[in-house]
Amino acid sequence: MDYFVTGATGFIGKRLVRKLLARPGSTVHFLTRSNEPEKLEALYAFWGVDGRRAIPVVGDLKDKQLGVSKAEQKKLKGKVDHFFHLAALYDLGASAEEDEAVNIAGTRNTLALAEALGARCFHHMSSIAAAGMFEGIFREDMFEEAENLEHPYFRTKHEAEGIVRKECKVPWRIYRPSSVVGDSRSGEMDKIDGPYYFFKIIQKLRKILPPWMPTIGLEGGRINIVPVDFVVAAMDHIAHLEGQDGKCFHLTDPSPHRVGDVLQILARAAHAPDMGMRINAALLGFIPRGVKKSLMALTPVRRIRNALMKDLGLPDNVLDFINYPTRFDCRETEKALAGSGIAVPPLEDYAWRLWDYWERHLDPDLFIDRTLKGQVKGRVVLVTGGSSGIGKATARKLAEAGAITVIVARDPEKLAETKHEFEADGLQLVAYSADISDYAECDDFVRQVVAEYGGVDILVNNAGRSIRRAIENSFDRFHDFERCMQLNYFAAVRLTMGFLPGMIAKKKGHIINISSIGVLTNAPRFSAYVASKSALEAYSRCAASEFADRGIDFTSINMPLVKTPMIAPTKMYQNVPTLSPEEAADLVVEAIVHKPVRIATRLGVFGQVVHAFSPKVAQIIMNTSFRMFPDSSASAGKKEGEVPPTADQVAFSQLMRGIHF
C-alpha cells in the first residue's frame, strides 16, 4: 500500500510514518523541502528503513500543488492509496498571516495535489481548535456550530477543515486531536506546548517549598490531554477501516480533567507540593472586560504582567484558556476503536514520564549557558582591588574563563607581582595602578580604559576599606567614616558613572557591588563600614530601577566574613570561621552568570528578616555579640596583645558563621 504524507518530519507525522511503514509492503512518499542525504539520514534511522520505502518528494506547503514537479506527479498518479495531510502551524503565538499562509492556503494546495494524484482517500489532521471557544459539548458531527473563533489559530484551523469538507473531490476523513503531549510509554516530546507551560511553575514551587507544604493552585475549565502514541495508533487504525469516509473523529480523552486536577497530577509527578487549595479562574470573569482592558493599558501594570509571564515561561494568551468552555464528545471514535485495544491511558499513569522527559530534555534552563566562560569570554571585565584577596581570586577565575581581565589597585609592586603570577600560569591580565578614592586619578583611569578598551562590559566594585571600632572609641576619629565613605561609596559610584555611558550605548552591562553581610545584620563595631556599603546598595537599587529597561543589571553581594588581608589586623578573626577568597570569588561568578539582584547567605537574609519583623530582638542579639567580643587592643588604644577567645566566643562565632563581630 502506498501513502503520501505531509508534515512527516513533525512530532506526530514522524510517528505516523513509522506506524504506516510497519505495515507489510507499505511505501511512504513524504513531502520535504530538501532531499539532501545528510538531512534524511536521521529520519531513515527513526523509521528503520531506507530511501526505497520512505521516498522524499521535494516541495513546499505554500506552493500550488505543493510545488511537486509534473514529472514526480506523473510517477505517483494513481498509486497513492491514502494521502495524509498533517503539515500545519501549531503555534498559538504565531501571527495571523503565518496561520493563514500555512493552515488555509497550505490545505488548499495539498488538496489540489491529492486530487491531481488521484488519491483514494484524503486524511486531514484538524484540531479541537476548529470548534473555537464553543460553550458546551461539541460533537464529532458538528462544524458550523463553532463559535468565538477570534483567535487566528482557531479561525484558520476551522477554515482549513471547512475547505476539506466543501472542496475535497476525493473521499475524506477528518481527525481532531486535543492537546497532544509526549509518548505515554517514554514521555518523549519535541517542544513546550499546552500543559507543558505550567511545568516551570511547578518546578519553581518544588525548589522553594517542601513537598508536604500545601500550596494554592488554579481551578478552571476542563483541559483535554492525549498522548501522541494514542493519536498515532487511533489515526492509523481508523484510516484503514472500511465505511468511515466523510466522518470526523475526536481523538480526545472521554473523561478529561479540570485544570486544577491536571496541575495536581503534574505536581505529584514532580514531587512538588500539593495544590490543595485552588482559586477558580472564573472569578476573573466578574471583572468587566472594559476594566481589565483599562488596567492593561497602564504601562506599569502591563510591564509587571509581561515580566511575570516571562519569568514563569508562559505565553501571553495562555490564561485565556484556563476557563476553556468546550467539552468534546468522542463516541464515534470510541465505536471505531472498539476491540482494537487502543484507548487514552489515564494521565495519572504516565504523568511522571512526561515530567521526567521534560526535566531531562526540554527544560529551558538546560539550554542556558551557565558557564563563566560563556558569559565573559572576549568581554572586558574590570575588578577593583584586584591585587589581593577577593579581587585577585575573582580576576584569576575571569582570566581562566577567557575574559579580557582588567584590575586596578594602588600598590604598583603588588600589581606587578600579581601580573607576573598570572603570566607564569599562562593567563593574560591588564593591571592599572591608581588610587580610585582620588577623584582626579579615578577619572583619568576611566578615560584610559575607555580609550584603550572602549569601556567595560562588567564592573566589579570590590575595592574596599573596613574599620572595626566601636563608636565610643571613635569620637575623635571622624576620618574613619570619611575614608570608608570615600573608597567604599564615592569611588565605586564614580567608577560606575564613568562606565555607564558606554553600557547605555551598547544597551548591556553589569555592575556588581561587593557589599557586606553587615548591611543585613547591622553589625556593631562596623558603623563606618556598614554605612558606606549601605549607601552603595541604596545607590544601586535606585540605579537598577532607572536602567531596568536598558539592558543593564545591578547585583549586590552581601559578602560574609572572608579571610583577606583586610581582616588580618584583627587577630580574633584567626579563630572564627571565614570564607576563603576563592569561595568568595565563586559568589562573584554566580553573580556574573545568573545576574540576580542580590546574593546573600541564609544567615544574612535571616538577620534582615529579624530586623524587619522584630527589631528589638535583633538589637538584643547584636548587642550580646557586641559585649561578648571586645574591640581589638589597637582600636581601643591599648598596646597589650590580643586575649585568646573564650569558649562562648568560639561557640557563638560558629553559630553565626560569616557575621562580623
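Read-outs: derived from the displayed coordinates by stated rules, not from any lab. These figures come from a predicted structure and were not determined experimentally. Positions of Cβ are generated from backbone atoms using ideal geometry, with glycine treated the same way; all protein chains shown enter the neighbour counts.
Annotation: amide H of His250 within the under-5 Å range of Arg176, Thr333, sequence separation 5 or more or interchain, hydrogens built in the peptide plane. Sequentially through the range 435-449, phi angles give Karplus couplings (6.51, -1.76, 1.60; θ = phi - 60°) of 9, 6, 6, 8, 4, 5, 5, 4, 5, 4, 4, 4, 4, 5, 5 Hz, Gly and Pro residues having no value and appearing as x. Each part reduced to its alpha carbon centroid, the range 4-82 and the range 183-237 end up 31 Å apart. Filter Lys62/Lys157; Lys77/Lys169; Lys247/Lys335; Lys377/Lys508; Lys14/Lys191; Lys200/Lys508 down to the pairs with a C-alpha to C-alpha distance above 18 Å, please. Flagged as over cut-off: Lys200/Lys508.
Near Lys74, which aspartates and glutamates are there with a Cα under 13 Å away, not counting those fewer than 8 places off in the same chain? Qualifying aspartates and glutamates at Cα under 13 Å: Glu115.
Per-residue extension of 0.36 nm, minus the Cα-Cα distance of Val593 and His361, leaves a gain of 81.4 nm for this segment. A straight Cα-to-Cα reach below 19 Å connects Lys19 with the aspartates and glutamates Asp2, Glu41, Asp50, Asp81, Asp183, Glu188, Asp190, Asp229, Asp236, Glu242, residues fewer than 8 places away in its own chain not being considered. Charge tally around Val381: other residues with Cβ under 11 Å, Lys/Arg +1 each, Asp/Glu -1 each, net +2.
Rg/Rh for the range 1-177: what does it come to with C-alpha atoms and Rh from Kirkwood?
Values: Rg = 16.2 Å, Rh = 16.6 Å.
Ratio of gyration radius to Kirkwood radius for the range 1-177: 0.98.
D for the range 372-523, whole µm²/s, Stokes-Einstein with Kirkwood Rh over alpha-carbon pairs at 10 °C and 1.306 mPa s: what number? Here the translational diffusion coefficient equals 98 µm²/s. Listed by chain and number, the aspartates and glutamates whose alpha-carbon sits under 13 Å from that of Lys204, ignoring those within fewer than 8 places in the same chain, are Asp311, Glu359, Asp363, Asp365. Summing +1 for each Lys or Arg and -1 for each Asp or Glu among the other residues whose beta-carbon sits under 12 angstrom from that of Pro346 gives -4. Once both labels are positioned 7 Å from their Cα atoms along Cα-to-Cβ, the gap between Asp425 and Glu41 label points is 4.2 nm. Ordering Ile174, Ile514, Ile192, Ile201 by the number of other Cβ atoms within 10 Å of each residue's own Cβ, fewest first, gives Ile192, Ile201, Ile174, Ile514.
Other residues lying with their Cβ under 15 Å from the Cβ of Asp50 contribute a combined charge of +2, Lys and Arg counting +1, Asp and Glu -1.
Suppose R0 equals 45 Å. What FRET efficiency, 1/(1 + (r/R0)^6) with r the Cβ-Cβ distance, do Asp141 and Trp212 give to the nearest 0.05?
Numbers: r = 49 Å, r/R0 = 1.08.
It comes out at approximately 0.40.
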